[in-house]
Amino acid sequence: GCARDWDGLTCWPRATFGEVVKIPCPRFFEEFTSFLQRNCTQEEYWSEPFPPYSIACGFDEGSSRGPEDQKSYYSAFWCVYTAGYAASVTSLITALIVFAAFRKFHCTRNYIHMHLFVSFILRAVAVFTKDAVLFADETMDHCLMSTVACKAAVAFFQFSILANFFWLLIEGIYLQTLLLLTFVSNKKFVWWFIFTGWGAPTAVMFAWVLTRIHQQNTGCWDDDENGVVLWIIKGPILLTVLINFIIFINVIRILVHKLKSQEGGGSHSSHFVRLAKSTLLLIPLFGVHYIVFAFFPESTGLEARLYIELGLGSFQGFVVALLYCFSNAEVQTELKKQLCKWQQQEYLTFTHKHSALSRETSPVNYVTQLSLLDKISPTRRTSVFQDGVTTV
């Protein structure tokens with residue numbers, strides 16, 4: 001018969017001679033309910049899928065791109081999100097060092113920012129790890145691949161996404177708490193935030209891994225998931241996105257009220273500009289852009305989803321680090337002070353070395369050294385001794 005086969009999109013199960021295998025379109029084409037068929041021929045080779053993917057599953061429907069153009073397109077897109085995650089990791093690590101190095105920035109607000117930075121870093125590292133383990137070798141048979149390493153890579157990827165969404169939620173909750181309450185017990189809140197931000201994703205992942213092992217322990221755990229397994233991960237993510245969107249709307253409402261009360265009868269254009277700036281700052285912090293496709297099937301607007309969730313999402317960590325660290329006036333002032341301090345120390349060190357070198361090369365110093373040598377010269381010592389004997 002025909003062996004199990006991976007055609008680049010779908011796993012075809014083992015079949016006997018003459019058997020016709022019928023399978024549904026892959027999950028990412030789930031808006032199409034058609035089926036694909038392949039026949040195990042007399043020569044024990046698989047026939048081409050019929051109808052073709054382009055007809056049965058709407059693959060590349062309405063597009064003039066051929067298979068090679070499609071491959072080139074996704075390769076270029078891979079380069080874009082890889083560059084985005086690399087820029088995010090670099091900027092986030094730098095921001096972490098800045099917040100950790102200066103005691104002035106050791107406060108609850110920045111502690112929460114730092115945990116959010118770590119979650120973005122983990123997400124980027126998880127993407128790199130998953131790509132390296134699952135997609136580095138184009139000849140890899142995804143039907144047969146089911147190793148501990150690839151399952152661990154997928155589990156780590158899922159955990160990093162969960163942790164990132166939970167810390168985005170915590171950022172939103174903390175900001176609303178600051179706006180609503182006059183006094184916040186920092187130590188009390190920060191430990192609850194840390195416990196929730198890392199504990200909740202860990203609990204969800206523990207449940208997901210156990211469910212995978214006992215109910216759907218197939219492949220690398222990156223294949224189509226049944227309802228229970230899928231919603232263990234998707235449910236908490238959708239909940240955090242929905243809550244964060246509600247908090248975002250409420251924070252904008254609070255900001256509008258505060259800006260109106262501060263400006264009174266001031267310029268409406270100035271009020272609008274300040275509100276627009278505040279809103280743009282909050283969008284990457286709250287991850288509001290995820291609400292666009294949060295409650296739609298994964299096949300809906302596939303290319304737009306790729307641009308928003310992978311393209312823009314890969315740069316989200318970079319934007320967060322830029323807005324909440326490098327563009328922060330306090331951080332810029334402290335860095336300028338430290339730079340001036342380093343420059344002053346370098347100048348003093350240079351001046352000290354230059355003055356020491358000048359003394360060493362001075363003609364007066366040569367005379368002093370000759371006089372000293374003359375005083376301690378053995379010849380002079382002998383002469384003085386002989387003069388003393390003659391005098392006696």
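The values are calculated or read from the model by the stated rules, or taken from the named source; none is laboratory data. Not measured: the values here are computed from a predicted model. All Cβ positions, even for glycine, are placed from backbone atoms using ideal geometry, and neighbour counts span all protein chains on display. Keep in mind that these areas ignore ligands, DNA and RNA; they rest on the heavy atoms of the full protein, side chains included. Shrake-Rupley method; radii C 1.70, N 1.55, O 1.52, S 1.80 Å.
Quickly run through the range 194-219 and pick out the residues that are more than 30 Å from Cys11 (Cβ to Cβ) and either polar (S, T, N, Q) or not in a helix (DSSP H, G or I) (or both). Before the answer, list the steps.
Quick first cut of the range 194-219, residues more than 30 Å from Cys11 (Cβ to Cβ) only: 194-200, 202-203.
The answer is Thr196, Thr202.
Only one of the numbered conditions (1) at pLDDT below 75; (2) aliphatic (A, V, I, L, M); (3) surrounded by 13 or more Cβ atoms within 10 Å (Cβ to Cβ) is not met by Val364, and that is (3).
Could you please let me know if Ala132 is assigned by the TED database to the domain that holds Phe156 and touching a residue at least 40 places away in the same chain (Cβ under 8 Å)? No. If you go through the range 2-17 and keep only what is touching a Gly at 6+ places or on another chain (Cβ under 9 Å), open to solvent by 40 Å² or more (accessible area, probe 1.4 Å) and over 19 Å from Cys220 (Cα atoms), you end up with Thr16, Phe17.
Being farther than 23 Å from Gly199 by Cα and among the charged types (D, E, K, R), is that true of even one residue in the range 95-112? Scanning the range 95-112, I find at least one residue that is farther than 23 Å from Gly199 by Cα and among the charged types (D, E, K, R), so the answer is yes. Taken over the range 307-353, the residue count meeting the criterion of being of a type in the set (Phe, Trp, Tyr) and in contact (Cβ under 8 Å) with a residue 40 or more places away in the chain is 4.
Any chance the range 33-44 includes a residue that's within 40 Å of the chain's Cα centre (by Cα), at pLDDT 80 or above, open to solvent by less than 60 Å² (accessible area, probe 1.4 Å) and closer than 23 Å to Cys220 by Cβ?
Checked against the condition, which is being within 40 Å of the chain's Cα centre (by Cα), at pLDDT 80 or above, open to solvent by less than 60 Å² (accessible area, probe 1.4 Å) and closer than 23 Å to Cys220 by Cβ, the range 33-44 yields at least one hit.
Residues in the range 234-292 that are basic (Lys, Arg) and modelled with pLDDT under 70 were compared, and the one that is nearest to Ile308 (Cα to Cα) is Lys277. Here is the figure for the range 189-217: residues that are of a type in the set (Ser, Thr, Tyr) and in contact with a Phe, Trp or Tyr (Cβ under 8 Å, 6 or more places away or on another chain) total 2. Please specify each residue of the range 84-102 satisfying the condition of being among the hydrophobic types (A, V, I, L, M, F, W, C) and at pLDDT 90 or above. Matches in the range 84-102: Ala86, Ala87, Val89, Leu92, Ile93, Ala95, Leu96, Ile97, Val98, Phe99, Ala100.
Cβ-Cβ distances below 8 Å connect the following pairs, each with a first residue in the range 89-109 that is under 21 Å from Val125 (Cα atoms), a second residue that is among the hydroxyl-bearing types (Ser, Thr, Tyr) and in a helix (DSSP H, G or I), and a separation of six or more residues or different chains: Ala95/Tyr324. Scanning the range 53-83 for residues that are among the small types (Gly, Ala, Ser), at pLDDT below 65 and open to solvent by less than 40 Å² (accessible area, probe 1.4 Å) yields Gly58, Gly66.
Candidates are the residues of the range 90-140 that are among the aliphatic types (A, V, I, L, M) and surrounded by fewer than 16 Cβ atoms within 10 Å (Cβ to Cβ); the one that is nearest to the chain's Cα centre (by Cα) is Val125.
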